[in-house]
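Below is one structure, written out as structure tokens, with a few remarks after it.
The values are calculated or read from the model by the stated rules, or taken from the named source; none is laboratory data. Keep in mind it's a predicted model, so treat the numbers as computed, not measured. Cβ: placed from backbone, ideal geometry, glycine included. Neighbour counts: every protein chain shown.
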Amino acid sequence: MIAKMAGAKPKVAVIGAGPGGIAMGIQLANGGYDFTIFDRDDGFGGTWRNNTYPGAACDVPSHFYSYSYALNPRWSKTFANQPEILAYLKKVAADNRLADHLVARTRVTTLRWSDTDRRWTLETEDGGRHQFDAVVTAVGMLDVPNIPDIPGADRFRGRAFHSSNWDHTKSTAGERVASIGTGASAIQYVPEIAPDTAHLTVFQRTPIWVSPRYDEPFTSDQQELFEHDPAEALKVRDAAFQAYESANFAVDSAMTKALTEMAYSYLKRKVKDPELRARLTPSYPVGCKRPLQSRAWFPTFVLPNVRLETSPIVEFTERGLRTVDGTEHDVDTVIYGTGFHAADYLRSLDVHGTNGRRLRDDWRDGAEAYLGTVVPGYPNLFTLYGPNTNGVTSIIYILEAQAEFVRRLLDDMVRHRVQAVEISRDVHHAYNDEIQQAMQGTVWLANCNNYYRHPNGKVVTQFPYSGTRFAEMLARVELDAFDWLSPAGDRKEAPA
């Protein structure tokens, strides 16, 4: 459905001031739109503002984890750490005067579409209500921590926190620490805190493949060169881009087999104890879970004060954690390195669309959107980093493509005097059928549990093709892929 605007530009709300919100804000500012960026925290940065755990860093090369129109010649090394990325994002936002549009410390809880007014009402945690013609969600996948429901948590006398809400009021040095989980966050903070703890127990449910991380610093001469000759910085960016573009995620691809062999060879070189090595060896191919890189992970388990525990946790006690074998592990601090509800898209928002429909109900069998960006039944709602946009390239590249698409679509709506757009159900369903068919035979459906899938097995986070193909598919979308409705009631249905 599309509704006409009599030439006026829509008023737009952007939810989230992270990388996606910044990309969208820049597009809207350049297009002369009236827009507001809402964020639950006090500034720009998103996940890079929230995740301040020791060792936090990006696993995408710095020059590729940058906006194409805001290259940073001064990256310090191949994979930038959290403070440096946050500083970069804040600078990009400042350079584009996005603070003028930011409403900080305001958590949006509910979105309601009015079939009568053909507008969205945003409800905030403090009771506020705001109306907009269009809404862009830019909350990402990593906004709601996944904290496992372990019996007895309320009787534990120590402290417990999730890695995304790191407790900096007290150091873990000299403490007995339990770290639950061995994912992308744990692989970074565990080696950082391990040497100074009195004892560290790492609770592992499933082993992970780890490859060596080649994290080289950029010299001052290189940084000067990048600053004075941006073409040289582009060469570094393009090299990383091409590496991602050549990826093949088929379970039987040469790439998958080579990466799995390389990871196993690295494990054998770094872990000499056969019993420990066996417990650290996965039974699935590289890529089934998020591929990880570290030169510090395996050496951590050689430290005399570190223990790898593979016996499942059954409950908290007053003094720590008890495992299924009956052992009680006395600890002072428990850290949840258990990731996020990544497959449960827009979990932090209650979204109501046309005819009273609810997005949580529509997505009960797994989230899906057309090119990860628009959903039938929810006019003028756009989802950045939405379903099936993850995993094959730098997310900054994906966010740029989505933000450009939303801006182009809004421009077309103004040009054609259209007020609201709703993606055709036929177009949406055909696309998602194709996407799920393309998932067959990929590593994401191999023999492991991962955050890519809905509990029913459907892959809801990953895109099965290249980043270039995603951007090209978005660039080809025209207004005729949508149904629309004008203020006068004129209706146009997209062809099946």
**Criterion (outside the structural domain of Ala401 (by TED's automatic domain parsing) and of a type in the set (Val, Ile, Thr)) met by exactly one of Thr383, Thr327** = Thr327
**Prompt:** Is it fair to say Leu89 is closer than 23 Å to Asn165 by Cβ, in contact with an Asp or Glu (Cβ under 8 Å, 6 or more places away or on another chain) and not basic (Lys, Arg)?
**Reply:** no
**Prompt:** Within the group Pro207, Pro217, which residue is surrounded by fewer than 23 Cβ atoms within 10 Å (Cβ to Cβ), at pLDDT 95 or above, touching a Leu at 6+ places or on another chain (Cβ under 6 Å) and over 20 Å from His329 (Cα atoms)?
**Reply:** Pro207
**Item:** Filter result for Leu399 (more than 24 Å from His162 (Cβ to Cβ) and within 23 Å of the chain's Cα centre (by Cα))
**Value:** yes
**strands (runs of 3 or more DSSP E) enclosed by the stretch 274-360 - at least 2 residues per element that are touching a residue at least 40 places away in the same chain (Cβ under 8 Å) and over 30 Å from Thr383 (Cβ atoms)** = 306-309, 313-316, 320-323, 328-330, 333-336
**Request:** Restricting attention to helices (runs of 4 or more DSSP H) lying wholly within the stretch 148-264, give those where 2 or more residues are farther than 27 Å from Arg277 by Cα.
**Result:** 220-228, 230-245
**Asked** (1) in contact with a strand residue (DSSP E or B) (Cβ under 6 Å, 6 or more places away or on another chain); (2) of a type outside the set (Phe, Trp, Tyr); (3) farther than 26 Å from Thr110 by Cα: which one isn't true of Arg453, the others all being true?
**Response** (3)
**Request:** Scan the stretch 301-337 residue by residue and report those that are buried (at least 20 other Cβ atoms within 10 Å of the Cβ) and closer than 20 Å to Gly55 by Cα.
**Result:** Phe301, Val306, Thr333, Val334, Ile335, Tyr336, Gly337
**Request:** Keeping to the stretch 114-131, report how many residues are within 24 Å of Glu368 (Cα to Cα) and in contact (Cβ under 8 Å) with a residue 40 or more places away in the chain.
**Result:** 4
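So that you can scan it fast, the table gives a plain yes or no per residue for (1) in a helix (DSSP H, G or I); (2) farther than 24 Å from Gly183 by Cα; (3) β-branched (Val, Ile, Thr); (4) within 20 Å of the chain's Cα centre (by Cα):
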| position | (1), (2), (3), (4) |
| --- | --- |
| Glu434 | yes, yes, no, no |
| Trp444 | yes, no, no, yes |
| Asn450 | no, no, no, yes |
| Trp484 | no, yes, no, no |
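Yes or no, residue by residue, for (1) among the charged types (D, E, K, R); (2) surrounded by 23 or more Cβ atoms within 10 Å (Cβ to Cβ); (3) at pLDDT 95 or above:
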site	(1), (2), (3)
Ala138	no, yes, yes
Leu142	no, no, no
Ile150	no, no, yes
Phe156	no, no, yes
Arg159	yes, no, yes
Lys170	yes, no, yes
Ala178	no, yes, yes
Tyr189	no, no, yes
Ala198	no, no, yes
**Prompt:** Does the stretch 31-44 contain at least one residue that is in a loop (DSSP other than H, G, I, E, B), closer than 30 Å to Val421 by Cα, of a type in the set (Lys, Arg) and not assigned by TED's automatic domain parsing to the domain that holds Thr169?
**Reply:** yes
**Prompt:** For Asn30, all conditions in the list (1) farther than 19 Å from Ala471 by Cα; (2) surrounded by 22 or more Cβ atoms within 10 Å (Cβ to Cβ); (3) polar (S, T, N, Q); (4) in contact (Cβ under 8 Å) with a residue 24 or more places away in the chain hold save one; what is the number of the exception?
**Reply:** (2)
**Asked** Which residues, taken from the stretch 108-136, are loosely packed, with under 13 Cβ neighbours inside 10 Å, at pLDDT 95 or above and among the hydroxyl-bearing types (Ser, Thr, Tyr)?
**Response** Ser114
**Prompt:** Only one residue in Ala87, Ala70, Ala80, Ala99 is crowded, with 23+ Cβ neighbours inside 10 Å and either closer than 19 Å to Val406 by Cβ or out of contact with any Leu (no Cβ under 9 Å at 6 or more places or on another chain) (or both), so which one is that?
**Reply:** Ala80
**Qualifying positions in the stretch 350-372 - among the aliphatic types (A, V, I, L, M) and touching a helix residue (DSSP H, G or I) at 6+ places or on another chain (Cβ under 8 Å)** = Val351, Ala369, Leu371
**Item:** Ala87 in a helix (DSSP H, G or I) and at pLDDT 95 or above
**Value:** yes
